[in-house]
Amino acid sequence: MSQYGETVKRMKAASAAEEPPKEGPCIECGKVTKNETLSNYGARCFKCYEAYLAAMPKVDTADKRSEGPKAWAMRLKRLEATGVRLSSVQKTMWRAALREPTHDQD
Ligand SMILES: [Zn+2]
């Protein structure tokens, strides 16, 4: 048999025998976790992933899926209501988009 054929045969045998590991350690707690879970949760086990999410600051994002195409305007409205300073352009734009009267002017 040729050198090449021999190498291919050996590689096939090796890959059949040594399957890649199906689990690995969580980067936070080191718990042995399925690879699928690790790749879904940023190399963390599910428990650490939940803790990671809980520790993240909540960011108010505009969500078109639940609020429609004017989600950005509703987000700006919420931000203004919570005391965030918007630029006068932002104030004007969200009010125009949501057809709310401008209180500053008029
Ligand atoms: Zn963990």
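The values are calculated or read from the model by the stated rules, or taken from the named source; none is laboratory data. In this text, all values refer to a predicted model and were calculated from it rather than measured experimentally. Virtual Cβ from ideal backbone geometry, glycine too; neighbours counted across all protein chains shown.
Please go through (1) more than 16 Å from the ligand (Cβ to nearest atom); (2) assigned by TED's automatic domain parsing to the domain that holds I27 for C48 and return the number of the only condition it doesn't satisfy.
Condition not satisfied by C48: (1).
Mind listing just one residue for me: the one in the stretch 6-45 that is more than 9 Å from the ligand (Cβ to nearest atom) and basic (K, R) and, of those, surrounded by the fewest Cβ atoms within 10 Å (Cβ to Cβ)?
Step by step, filter the stretch 6-45, then rank; the result is K22.
Let's see how each residue does on (1) out of contact with any strand residue (DSSP E or B) (no Cβ under 9 Å at 6 or more places or on another chain); (2) of a type outside the set (D, E); (3) more than 30 Å from P101 (Cβ to Cβ):
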position: G5; (1), (2), (3): yes, yes, yes
position: R10; (1), (2), (3): yes, yes, yes
position: E19; (1), (2), (3): yes, no, yes
position: I27; (1), (2), (3): yes, yes, yes
position: Y41; (1), (2), (3): no, yes, yes
position: M56; (1), (2), (3): yes, yes, yes
position: S66; (1), (2), (3): yes, yes, no
position: R75; (1), (2), (3): yes, yes, no
position: R85; (1), (2), (3): yes, yes, no
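Looking only at the stretch 7-56, count every residue that is among the aliphatic types (A, V, I, L, M), assigned to a helix (DSSP H, G or I), farther than 30 Å from K77 by Cβ and within 20 Å of the chain's Cα centre (by Cα) and tell me the total.
Applying the first criterion (among the aliphatic types (A, V, I, L, M)) to the stretch 7-56 yields 8, 11, 13-14, 16-17, 27, 32, 38, 43, 51, 53-56.
Cutting the leftovers down to assigned to a helix (DSSP H, G or I) gives us 8, 11, 13-14, 16-17, 38, 51, 53-55.
Right, trim to farther than 30 Å from K77 by Cβ and you get 8, 11, 13-14, 16-17, 38, 51.
Now drop any that are not within 20 Å of the chain's Cα centre (by Cα), which leaves 38, 51.
Final tally of qualifying residues: 2.
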